[in-house]
Amino acid sequence: MNDQPMSDSERWHLLELCERSLTAKLTAAEKEELNTRLRIDEEARRLFAAALHQHAELKFDTHLLKQLAGESPPSIAKISPGRSIVSRTPWLPSALAAAAGIAVLGIVGAVWNWQLTPRTGDGTTLTVATVIKARDCKWAGSTLPTAEGSRVAAGMLELAEGLATLKFDSGAEIVMEAPATLEIVDAKACRLVRGTLMADVPPSAIGFVVDTPDAKVVDYGTRFGVSAGEDGKYLVKVLDGLVEVSPKATGEAKQLRGGQSVDTGIRRSQLTPSPNPSTVELESRRWQPNIILDAGGGWQIVSTAYGRGKDTYIQGNPKSKNFGKDPYFRVKRSSFSPELDRKGYVCFDLGKFKDDLKEDAELVLSIEPSDLGFATLVPDSTFAVYGLTDESEDNWSENTLTWKEAPAHNVATDAGKHHLPDPKKAALLGRFQIAQGVSRGTRSIKGQELVKFLQNDTNGLVTFIICRETDESARDGMAHAFATKESGSNTPPLLRVKVKDVEPASRETKD
């Protein structure tokens, strides 16, 4: 182990070797020299890891790459052994931005992190925040500890599912909403690579920065939300206080106060994806069955993609459009903004066995990330599923359905009940729950009320109305979403029905 700090010339030499390794130009002697140095010198390993991290960042962040392309490397300056080189990007060799493979031998796989962890004077890791809450979290590719109570230093956090709360030493709190990638910079700054976060910044942390690939947000004591998309779009929504947003394309700062926002399309661009017909799909679409499937034991499975099946939703604004082509239906309750209430409508074609005796049944829905609103502002939620008992309204069309004309929906109902159907035309069949922050998985209902509803069907069509009973805790709460038959990435609504005297072969023909 080499305990002597590296000199400036040694650091530069190591960076040159790193550059040559990234471009596969190391000689046999240089390769041996680099491997030997990494084995015996911790500082060399940290410096090499930081260079690799910077290489990856430059490849990922096109804005930073373009910015650096126009800068001239400054003169060599004294490099403090305890200071991260990540913040000194301009003087890194230009080849770190090249899209080249890494040719160093197995030692590369032994580099513990993709960043250089800052150190205190006695050599211990300099941590800047604490994971104070990790609810239903699944992590992917994070370089930092993720358990509740963990102290974390500068580095990357990749949250695949759930909600994670970080408290920075400055006092600022950040709630990551999956899926999200966050880089912790220091006690008063972080970088949202993609996804959504909610920030609560007390006076002690005024000046806290949330950077994104396309904008910089500086807080002046407030509560605000930020979303960053991989398509270059971003959203900043201020709930209370004051923030300053500076688009990197223009550098023109804009101040936002409580209730104000800047939305460059992160939500709207994902509302109704428009696939390019000229684009060849490299992966097959998910299961969208347009047949009745025999699951054995008398169980039959039908989706909304079969026959006369349909799925969509309505929104509380009387002027809202039709959502029949959306890849998911949204459900929301908002006493703060009743015009944003939403109800889902799902209909199955049971004509092929409408006269068979139904013994058991289960309705299954697939949860989707909704990309609307903040999960932090919606507690654990209860959903109610109703069955449309007025069969005269079963013939609704998903391509024309709106708030004004939806089945079992009375626009004259008190605003506080707009999220529920007319009890004279619909019956409660069951409930399910979704924990705060959950954006994947399936939920279902089953039981005698559902079976009785199916047994009473006389026209071969059954309509379900999905409502959220739980209110948001503040404006801009998340609207939950569930996959429809138009989804290219998830399973549409399914109805599993157990019937008597069914001939499975007759179910395997397309409608």
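Out of all the residues in segment 160-176, is one or more among the acidic types (Asp, Glu) and more than 25 Å from Met478 (Cβ to Cβ)?
To start, the set of residues in segment 160-176 that are among the acidic types (Asp, Glu) comprises 161, 169, 173.
Retained after the next criterion (residues that are more than 25 Å from Met478 (Cβ to Cβ)): 169.
Within segment 160-176, one or more residues are among the acidic types (Asp, Glu) and more than 25 Å from Met478 (Cβ to Cβ).
Of the numbered conditions (1) of a type outside the set (Ser, Thr, Tyr); (2) touching a residue at least 24 places away in the same chain (Cβ under 8 Å); (3) surrounded by fewer than 19 Cβ atoms within 10 Å (Cβ to Cβ); (4) not in a loop (DSSP other than H, G, I, E, B), Gly387 fails exactly one; give the number of that condition.
(3)
Pick from segment 237-285 the residues that are of a type in the set (A, V, I, L, M, F, W, C) and not in a loop (DSSP other than H, G, I, E, B): which of them is modelled with the lowest pLDDT? Full working, then the answer.
Here is the first cut: in segment 237-285, the ones of a type in the set (A, V, I, L, M, F, W, C) are 238-239, 242-243, 245, 249, 253, 256, 262, 266, 271, 280, 282.
Filter again for not in a loop (DSSP other than H, G, I, E, B), leaving 238-239, 242-243, 245, 256, 262, 271.
Values: Val238: 93, Leu239: 91, Leu242: 94, Val243: 95, Val245: 95, Leu256: 94, Val262: 89, Leu271: 35.
Applying the filter and picking the extreme gives Leu271.
Scan segment 197-236 for residues that are charged (D, E, K, R), touching a Ser or Thr at 6+ places or on another chain (Cβ under 9 Å) and part of a strand (DSSP E or B) and jot them down.
Passing the criteria: Asp200, Lys216.
Residue check: is Gly373 modelled with pLDDT of 95 or more and within 30 Å of the chain's Cα centre (by Cα)? Outline the logic, then answer.
Values: modelled with pLDDT of 95 or more: no; within 30 Å of the chain's Cα centre (by Cα): yes.
Criteria not met by Gly373.
What number of residues within segment 442-460 satisfy the criterion of being basic (Lys, Arg) and either in contact (Cβ under 8 Å) with a residue 12 or more places away in the chain or buried (at least 24 other Cβ atoms within 10 Å of the Cβ) (or both)?
Narrowing segment 442-460 to residues basic (Lys, Arg): 443, 446, 452.
With either in contact (Cβ under 8 Å) with a residue 12 or more places away in the chain or buried (at least 24 other Cβ atoms within 10 Å of the Cβ) (or both) added as a condition, the list becomes 443, 446.
Qualifying residue count, segment 442-460: 2.
Could you tell me whether any residue of segment 313-329 is in a loop (DSSP other than H, G, I, E, B) and at pLDDT 95 or above? Even if it seems obvious, please write down each step before you answer.
Of the residues in segment 313-329, the ones in a loop (DSSP other than H, G, I, E, B) are 316-327.
Now drop any that are not at pLDDT 95 or above, which leaves none.
No, there is no match, as no residue in segment 313-329 is in a loop (DSSP other than H, G, I, E, B) and at pLDDT 95 or above.
Taking segment 340-370 only, how many residues are in contact with a Ser or Thr (Cβ under 8 Å, 6 or more places away or on another chain) and under 30 Å from Gly195 (Cα atoms)?
First, pick out the residues of segment 340-370 that are in contact with a Ser or Thr (Cβ under 8 Å, 6 or more places away or on another chain): 340-341, 344-348, 352, 354, 362-370.
Right, trim to under 30 Å from Gly195 (Cα atoms) and you get 340-341, 344-346, 364-370.
Residues that pass the stated criteria total 12.
Let me confirm something: among Ala435, Ala375, Ala427, which residue is within 30 Å of Ser261 (Cα to Cα), of a type in the set (A, V, I, L, M) and surrounded by fewer than 20 Cβ atoms within 10 Å (Cβ to Cβ)?
Numbers: Ala375 fails: surrounded by fewer than 20 Cβ atoms within 10 Å (Cβ to Cβ); Ala427 fails: within 30 Å of Ser261 (Cα to Cα).
None of the other options fit; the residue is Ala435.
Which one is surrounded by the fewest Cβ atoms within 10 Å (Cβ to Cβ) among residues in segment 461-478 that are at pLDDT below 95 and of a type outside the set (Asp, Glu)?
Ser473
The values are calculated or read from the model by the stated rules, or taken from the named source; none is laboratory data. Since the model is a prediction, treat every value here as computed from it, not as a measurement. All Cβ positions, even for glycine, are placed from backbone atoms using ideal geometry, and neighbour counts span all protein chains on display.
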